[in-house]
Structures are given as structure tokens and as C-alpha cells.
């Protein structure tokens, strides 16, 4: 039965993807990308991958749509149709597709217990996590402890994206000082509509609380730094939408956002340096406490905090870079 | 007692499913944007309430029920707000509601 | 019993996608995406119970929050003037 649900959702996914490619109005394409992300989150969920589904829902369906709309406010909103080079592009895509399909013929069946991915490290992780790290969510254990170097790379990638946006677009230097500055920003705030303002003010504290819950609950259930950073950024974006860009820039000023971005990644790296100074390898958390298991848990909490802070800082920087532009 | 809970859950889940389906048909068949908003928002809220109540009865008194209650409260607060914001945006940008009836097409 | 609700929710999601693909004005599409979002919350909650893993309800709660913020963002950006021409054409057609 779940197979049927999966097939149904995948069919909807194909239809949506074709519609995104065929749409020439970019706003329509952005809306359909929101639906695409939701379908992917539902697919991940049906495949029992809860952490990935949570991240896709938080970042793909929510924040990505908002950022794409922010970018769309700065460009013309019809796609420029290009007529040259179409046959060459079609040839390249067809050849690549055939090569990929040929390669997948060799793949083991989904969920095959004798596949290499299920017989090399995965059983070891599942068997020894209770002994070495002792947290219920093995995904967080793999992400935070066994594969901490990869996660460090991911944090640096997120930081690089933030730096790239800062180079290209830049943030305003601080909250606008004159009324003339603030009247030129592009987005209207919803503050003059009473109902969204009241409801927004009521729920923002709970969203921030939920972000903290997801951050620290990541060891027991789906959650962790990436999702928590995205949810926190969503709360601040909601505040910016209902009270205006200037109010949001006043609470979390651009210099604080840059400090958060860099500080999160620095916290992660510093944990690695501290473990080296205490005698272990880089990011070997066992040396952080007297008991090796407690050390591992401390290590995971600290790096997840670093990840959450960095992701929140970067997402808010990118949002403000688009939304606070004056042209 | 368990049988009674099961029967009530069945009724609530089926009713919720029916409401949700009616909302889906409504959003396709209604003629203009404002009538579609009626179909979407009213059936959304009611369907959500019924389905989540049905699941809560099955879950008993656990943490899951508290989380479901939180989802219900949240959706009851934000569903109508989103519909209001949408209708307001449509009205402010000039889409007028049709005030006379028209022949069904 | 959860299967009945799941099938109803999946069919409604398909209908919402059709409206998002068809809808002549921008607001039809935003409405369809919002409805799709709330149906996804319901689908996540029901399938979490089908799987017997109630700790997956965090996803449904997250998604309910994000959907709301997404719709408000769309409307806020929309109001800054990008799609008025399209909506105004529709309003001329809609007058009796």
C-alpha cells in the first residue's frame, strides 16, 4: 500500500517537474517549485527518512521559496526564451541520460540487504552506536560524530554561500537612519493589516521555542542544527514580513548576522582544535569529558549548535540581501 | 471501550477525509478566485480538525496527543489568517468579485 | 482506517496540483500551494501513525509553521507590484 502512495507521489512529482520546465512566467515556476519541494519531503517521509524530510520541508519548501521570490522581485518576471543552440543542448542531455540509465542497470535493488551500502559500515554504525555514543537517533550520531568532517565541510559550504551573496549583493550597513531610506525598500510590510500582525506576534515566540526544541532534540528524534537554523530564520523572516525590514534589521543588525555566520562555523572548527589540544584527533570528541561516551554527547551538542547558528545567520543574511535592496 | 474509540475514530477520519475531498473538488470546479477561497479554507479547517481529532483518539494520552493538539491549535490560528491575507491581496490588486450569478459552464 | 483518510488526502493533493497548473491568476496558484501545504501536514500526521512512529509528528508541526510563513511571504512580495498587470486583466474579464 505504501508502494502505491510512493508511486502516486512520484507521478505528481514528474508532472510538476514538466510544468516547471514549461512555464515561462517565473512566478508560476517558483510556486510550482514550492509544491515540488513538498512532494520531495513527502517522498522522503514515505521512505522512512525523517531527518531528510524535516530538512527538505524546512529549507526547501519554506525558505527557498521565500528567497526565490526575493530574487524575483529584482528581475523581470518572464523567462527570456533562447532559440539558438537547442539541438546541441538536446543532444548533450540525451547522451548524458543514456549514460546514467546504463549505469543504473548495475545498481542493486532498493533495500537489498546484500548491497554494499548495507554490508560495509552501516551495520557497524547500527551495532556500535549504543556502546560508543549512546543516543537514540543514529542519523545524528553518524552526522555529528562518525562523519563529522563531512558535516564540517557542509557548514563551510553554507558559509561560502553566505559570503558569495555578501560579495554580490551586500547588506545595508545598518538599520536605515532616515525615513526616506526606509520608504524605498521593495517589499510592503503587512503591518497595516491587523489580523496577520496580531496572529504573527502571537506565534513568533512559539516558533522560536520550537526551533530551540528541534535543535536540542536532534539526538532523540528527527532534528538537529540545519533544521533548527532554518526554523529560527523563518521566525525572523515572519517578523520582518509583518513589522517591516527596518524593524527586523534593528533587532538583528547586519554586523550581528555576519558575526553569527562566522561564529557558527568557528565554533565547529574550534571544537576540533580543542580536541586536538586535549590530545585526541581533530573532532575526536572522546577527550572532551572524563567519560568517553559523555564526551561524544557533549561534542555533538556543541557542533550542532555551531551548525544551527551558522545556518540561521546565512539564511537571514541572504534574505536581507534581497529584501532590503533599494532599487 | 476500545471498540467505541475505534468506531468514533473511524467516523471522524472518514468525515475528515470526505471534507478534504470536497475541498479539493471545490477548488477545481468553482468559477472565480473568491469562491475557490471559500472552498479551500472552510473545508481545510474542518477536515484538519476532524482528521487530527480522529488520530488523537487513537493515540490515547501520550506525548503524541499533545503534539497533535499543538498542530490543531496552530492550524486553527494560521489557516484563516492565510486566507484573509490572500483575499486581501487579491482585492487590493484589483481582482473584483463577481456579484451576479452566471450560467454554469 | 488510516488508509481511507490517506487516499482522500492524496487525491486532494492531486486536485490542488491541477489547480496550481491551471489557475489563470497568480492568486489561484498561491491558494493551491497553501492548500497543498496543509494537506501535506495532514498526510505527514496520518502516515506517522500508519508507520507507528509518533515521534515523526515534529515534521508535521514544522511544516505547518513553514507553510504559513511561505504564504505570507508570497503575498508580501506579490503586493510590491509584480503581478498587478496580470491580475488587472483578469478583473476586466470578471466584471459583469
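The values are calculated or read from the model by the stated rules, or taken from the named source; none is laboratory data. Quick caveat, the model's predicted, so the values are computed rather than measured. Virtual Cβ from ideal backbone geometry, glycine too; neighbours counted across all protein chains shown.
Among the residues of the range C:47-60, is any within 28 Å of residue A:23 (Cβ to Cβ), modelled with pLDDT under 85 and at the interface with another protein chain (Cβ under 7 Å from one of its Cβ atoms)?
Within the range C:47-60 (the criterion being within 28 Å of residue A:23 (Cβ to Cβ), modelled with pLDDT under 85 and at the interface with another protein chain (Cβ under 7 Å from one of its Cβ atoms)), the answer is no, since none of the residues qualifies.
When you go through A:212, A:249 one by one, which is the residue that is farther than 19 Å from residue A:151 by Cα, more than 11 Å from chain C (Cβ to nearest Cβ) and modelled with pLDDT under 90?
Exactly one residue qualifies, and that residue is A:249.
Could you pull out the residue among C:14, C:8 that is part of a helix (DSSP H, G or I) and either at the interface with chain A (Cβ under 7 Å from one of its Cβ atoms) or at positive phi (or both)?
C:14
If you scan the range B:1-14, which residues turn out to be surrounded by fewer than 18 Cβ atoms within 10 Å (Cβ to Cβ) and either at pLDDT 90 or above or assigned to a helix (DSSP H, G or I) (or both)?
Correct list: B:2, B:3, B:4, B:5, B:6, B:7, B:8, B:10, B:11, B:14.
Please go through the range C:19-31 and give me each residue that is touching a residue at least 12 places away in the same chain (Cβ under 8 Å) and either in contact with a strand residue (DSSP E or B) (Cβ under 9 Å, 6 or more places away or on another chain) or within 7 Å of another protein chain (Cβ to nearest Cβ) (or both), ordered by number.
C:19, C:20, C:25, C:26, C:27, C:30, C:31
So is residue B:90 within 24 Å of residue C:13 (Cβ to Cβ), at the interface with another protein chain (Cβ under 7 Å from one of its Cβ atoms), in a helix (DSSP H, G or I) and touching a residue at least 40 places away in the same chain (Cβ under 8 Å) or not?
Considered against the rule, which asks whether it is within 24 Å of residue C:13 (Cβ to Cβ), at the interface with another protein chain (Cβ under 7 Å from one of its Cβ atoms), in a helix (DSSP H, G or I) and touching a residue at least 40 places away in the same chain (Cβ under 8 Å), residue B:90 comes out as yes.
Would you call residue A:72 surrounded by 24 or more Cβ atoms within 10 Å (Cβ to Cβ), touching a helix residue (DSSP H, G or I) at 6+ places or on another chain (Cβ under 9 Å) and facing chain C (nearest Cβ under 9 Å)?
The answer is no for residue A:72.
Go over the candidates A:30, A:14, A:21 one by one and state the one that is over 26 Å from residue A:138 (Cα atoms), out of contact with any strand residue (DSSP E or B) (no Cβ under 7 Å at 6 or more places or on another chain), buried (at least 21 other Cβ atoms within 10 Å of the Cβ) and not assigned by TED's automatic domain parsing to the domain that holds residue A:224.
A:30
Name the residue, out of B:42, B:20, that is in a helix (DSSP H, G or I) and either within 7 Å of chain C (Cβ to nearest Cβ) or touching a strand residue (DSSP E or B) at 6+ places or on another chain (Cβ under 9 Å) (or both).
Just a single option satisfies the conditions, and that option is B:20.
Go over the candidates B:33, B:55 one by one and state the one that is under 16 Å from residue C:9 (Cβ atoms) and within 9 Å of another protein chain (Cβ to nearest Cβ).
B:55
Based on what the data block shows, is residue A:152 crowded, with 20+ Cβ neighbours inside 10 Å, at pLDDT 90 or above, within 14 Å of another protein chain (Cβ to nearest Cβ) and part of a helix (DSSP H, G or I)?
no
Mind counting the residues in the range A:298-313 that are surrounded by fewer than 20 Cβ atoms within 10 Å (Cβ to Cβ) and in contact (Cβ under 8 Å) with a residue 60 or more places away in the chain?
2
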